[in-house]
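The values are calculated or read from the model by the stated rules, or taken from the named source; none is laboratory data. Note that the structure is predicted; figures quoted are calculated from it, not measured. Reconstructed Cβ throughout: ideal geometry from the backbone, glycine too, with neighbour counts over all protein chains shown. Ligands, DNA and RNA are excluded from the accessible area calculation, which covers all protein heavy atoms including side chains. Shrake-Rupley method; radii C 1.70, N 1.55, O 1.52, S 1.80 Å.
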Amino acid sequence: MDIYGKKAAMVTLGCKVNQYETDAMREMLEEAGAVIVDAKEGPDIYIVNTCSVTNVAERKSRQMLHRAKRKNPNVVVVAVGCYAQVGKEELEADQHIDLIIGNNKKKDLIRILQDFQPKGMPETEVLDIAADRNFENLHVDHIETHTRAYIKVQDGCNQFCSYCIIPYARGRVRSREKEDVLEEIRNLAHGGVREFVITGIHVTSYGTDLGDIRLIDLLEQISEIEGVERIRLGSLEPGFITEDVLSRLSRLENFCPHFHLSLQSGCDTVLRRMNRKYTTEDIREKCRMIRRYFNIPALTTDIIVGFPGETEEEFEQTRKFLEEIQLYEMHIFKYSVRKGTKAASMDHQVPDQIKTARSDILLKMAAENKKAFEEARLGEIREVLIEEELRGRKNWYIGHTREYVRVAVYSETALDHQMVQVELKKVSDHGYVEGTLETHKKKC
């Protein structure tokens, strides 16, 4: 297949790692002469970077794959990523799909497309991810905006939580070489990117397969790169949070005090069934430690409700625990059976109506916590990195503080990608805090 001049559209489902990988594949296509277009523009090649974290995610992946073929029977439909890895057999039986490319094969996208010849059935490029110990080297040299870049430094997971398919989709822990990470960030910073989100499938395991380097060491070296104004971390395992790590992070002027702790439950017995390797007391102490080292940090988390066997008493323990530790944001998920995981065959699956009722309780708490955190910031001066114009409001711009509070500000002059000082004024009902530009007041 000749790629040059072909129109290619890309859709990303799932996590920040997928977003990074899509950015890398987009550059590969552009370098091969393809023209990147919106999915609505009748592409010749349609690539879906799929997600497999839940059955719902897989269903959405299938829907996106089918959509293109219905609109244009001649389009080459390509499934890549996690669902392509673990759902290969299902996809091979799907006549809507032309190519199936698993994880650690995305780097070969151009060669696979060039070799493709329609045969009326899907072609498959999926390797045994559990046996592959190589980090898939993908690179991003530029991004469409000059605000924030995701940097993938690690892949795979060795945790095997009982509800999670990801170790089977991504394989074992593999870390990216330090110099490769630093070189990519240098190039992007030179191109004007100001904030870097360091991410991976289990990012806190970075370096455990390399020897004498760990994530905190990498972060310290990233912080010294000219032009890196902000460093932000993805989801963190509680074990990463130690006195030594916090002390070192607190000395990095460009580190953003936003800690997304991967909690999942506030009940110890549920955590044990999940095969999570910490207790609520561990989390309690980690929150205390973070708040000792950082002034008003933003602590956020993910919570699963209705995990198999979760009783009313266990749910109440989670509710009380979350009420106690007072997080800024909580992402609440109803447990979804994921075939191929240990939890899928556990007894005492919780009925959907109970999951929904419990989810509603925690969603209300989450909204109250978020509003309380933001209202407590009103009157403060915060540094905001402007990302884009606010849709529907002329001369308003939207961005985030270092704590990842979403802030909107009015300006008659363009603010695209600028770092500005903003006095926080009002918590809006539209998911952001309104502020006014400040040029003479000291930031908090």
Legend entry - Relative contact order, percent, the chain [alpha-carbon distance under 8 Å, six or more residues apart]: 10 percent
Inset, instruction - List the relative contact order of segment 1-94 as a percent without decimals, with contacts defined as Cα pairs under 8 Å and 6+ residues apart. - result: 30 percent
Legend entry - Eligible lysines near residue 277 by straight Cα distance, threshold 23 Å, same-chain separation 8 or greater: 286, 320, 334, 339, 342
Legend entry - Highest to lowest packing among 302-312, 219-229, 98-108, scored as the average C-beta count within 10 Å: 98-108, 302-312, 219-229
Inset, instruction - Indicate, rounded to the nearest 5 percent, the antiparallel portion of the DSSP beta bridges found entirely in the chain. - result: 35 percent
Legend entry - Within segment 303-361, trypsin sites (Lys or Arg not before Pro) in DSSP loop having at most 15 other beta-carbon neighbours inside 10 Å: 339
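Work out the length of the dipole vector of segment 354-404 about its Cα centre, built from +1 on the beta-carbon of each Lys and Arg and -1 on the beta-carbon of each Asp and Glu, and round it to the nearest 20 debye. Spell out each step's value before the answer.
Numbers: 11 positive and 10 negative charges, 56 e Å.
So the magnitude is around 260 debye.
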Inset, instruction - Any chance you could run the full-extension gain for residue 224 through residue 391? It's 0.36 nm times the residue separation minus the Cα-Cα distance, nm to one decimal. - result: 56.6 nm
Inset, instruction - Could you calculate the contour length gain from residue 92 to residue 404, that is, 0.36 nm times the residue separation minus the distance between their Cα atoms, to one decimal place in nm? - result: 108.2 nm
Legend entry - FRET efficiency estimate (nearest 0.05) - Cβ-Cβ, residue 324 to residue 416, R0 41 angstrom: 0.50
Inset, instruction - Could you give the DSSP H helices of the chain that reach 27 angstrom or more along their long axis (alpha carbon positions) and whose average Kyte-Doolittle hydropathy is no lower than -1.0? - result: 352-375
Inset, instruction - Kindly provide the helix-only [θ] at 222 nm of the chain, computed as the sum of -39,500 (n - 2.57) over DSSP H runs of four or more divided by all residues, to the nearest 500 deg cm²/dmol? - result: -10000 deg cm²/dmol
Inset, instruction - Could you do me a favour and compute the accessible area per residue for the chain, 1.4 Å probe, result in Å²? - result: 44 Å²
Legend entry - residue 212 accessible area, 1.4 Å probe, all protein chains in place, Å² to nearest 10: 150 Å²
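Run through segment 60-168 and list the GluC sites (Glu not before Pro) located in a DSSP loop whose Cβ has at most 11 other Cβ atoms within 10 Å. Please list the in-between numbers first.
Details: sites: 89, 90, 92, 123, 125, 136, 144; in loops: 136, 144.
Those that pass, being in a loop and sparsely packed, are 144.
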Inset, instruction - Quickly rank 234-241, 30-37 as a protection proxy: mean count of other C-beta atoms within 10 Å, highest first. - result: 234-241, 30-37
Inset, instruction - Return the distance in nm (one decimal) between the two label points of a simple spin-label model at residue 139 and residue 208, each offset 7 Å from Cα along Cα→Cβ. - result: 2.9 nm
Legend entry - Normalised contact order of segment 148-195, rounded percent, pairs of Cα under 8 Å and 6 or more residues apart: 43 percent
Legend entry - Protein accessible area in the chain, 1.4 Å probe - carbon and sulfur %: 48 percent
Inset, instruction - Order the following by accessible area, largest value first: 176, 377, 62. Probe radius 1.4 Å; ligands, DNA and RNA are ignored. - result: 62, 377, 176
